[in-house]
Amino acid sequence: MTISTKGRYALRIVIDIAENSNGSFIPMKMVAERQGLPLKYLEHILPVLKQNNIVEGIHGKGGGYRLTRRPEEYTVGEILRLVEGDLAPVACLECGAKPCDKVDRCRTIAMWRNFHKLINDFFDGITIKDLMSDESKKDGKEMSFLDASL
């Protein structure tokens with residue numbers, strides 16, 4: 001499983017909006033400039049976030065995007081699943097996958113299920129608010145909001 005550029009950029013966009021909006025609408029162009037992201041990427045990601053009620057947007061003068069909830073109410077897992085799809089490490093565990101005819105004799109399925117649960121629990125245990133803190137800039141186990149899940 002690899003998190004794509006789209007998933008990484010979606011997180012950066014949501015964090016930027018959370019840090020800079022103060023309830024006001026933030027123009028897409030400003031987010032792109034601050035994050036050093038191509039505006040074309042935002043034009044593909046923000047509609048997905050809007051359709052799934054992560055952000056709300058308005059067009060025209062004074063328009064832009066803002067969060068629909070407080071940063072602590074969004075998890076990294078929620079956002080990644082919206083833009084990446086299922087975070088399953090193997091195809092047979094993807095949402096809506098055709099049941100595997102070998103599952104009854106598969107010696108690795110329990111391992112893959114446990115890994116899938118670890119991935120989802122890990123990302124669901126981190127909020128956008130967590131990533132807004134100075135703690136999120138630290139490496140590895142120093143990240144206090146991650147210590148419990150490592």
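Every number in this text was worked out from the coordinates using simple rules, so none of it is lab data. Please read all numbers here as calculations on a predicted model, not as lab measurements. All Cβ positions, glycine included, derive from the backbone under ideal geometry; neighbour counts span all protein chains shown.
Observations on the structure shown:
- Choice from I126, I45, I58 showing the highest fluctuation, given a GNM over the chain with Cα pairs closer than 10 Å: I58
- Shape class of segment 56-141 from the alpha-carbon gyration tensor: oblate, with a/c at 1.5 or above and b/c at least as large as a/b.
- When the chain is reduced to its Cα atoms, the Kirkwood hydrodynamic radius in Å: 16.9 Å
- Dipole-positive endmost among I13, P47, T2 within segment 1-47 (Cβ charges, Cα centre): T2
- When H59, H116, H44 are arranged by Cβ crowding within 10 Å, least crowded first, meaning fewest neighbours, the order is H59, H44, H116.
- Degrees, to the nearest 10: 109-124 long Cα axis against longest axis of the chain: 20 degrees
- Taking Cα centre as origin and charging only the Cβ of basic (Lys, Arg, +1) and acidic (Asp, Glu, -1) residues, the dipole magnitude of the chain rounds to 420 debye.
- Cα-Cα separations in segment 17-87 greater than 20 Å, expressed as whole percent: 27 percent
- Of all stretches in the chain that contain no trypsin sites (Lys or Arg not before Pro) in a DSSP loop with at most 13 other Cβ atoms within 10 Å, the longest one is 1-60.
- Pairs over the 22 Å Cα-Cα cut-off, from the set K6/K40; K40/K117; K29/K50; K6/K61; K50/K98: K40/K117; K6/K61; K50/K98.
- Acute angle (nearest 10 degrees) that the helix 5-20 long axis makes with the longest principal axis of the chain, alpha-carbon atoms: 40 degrees
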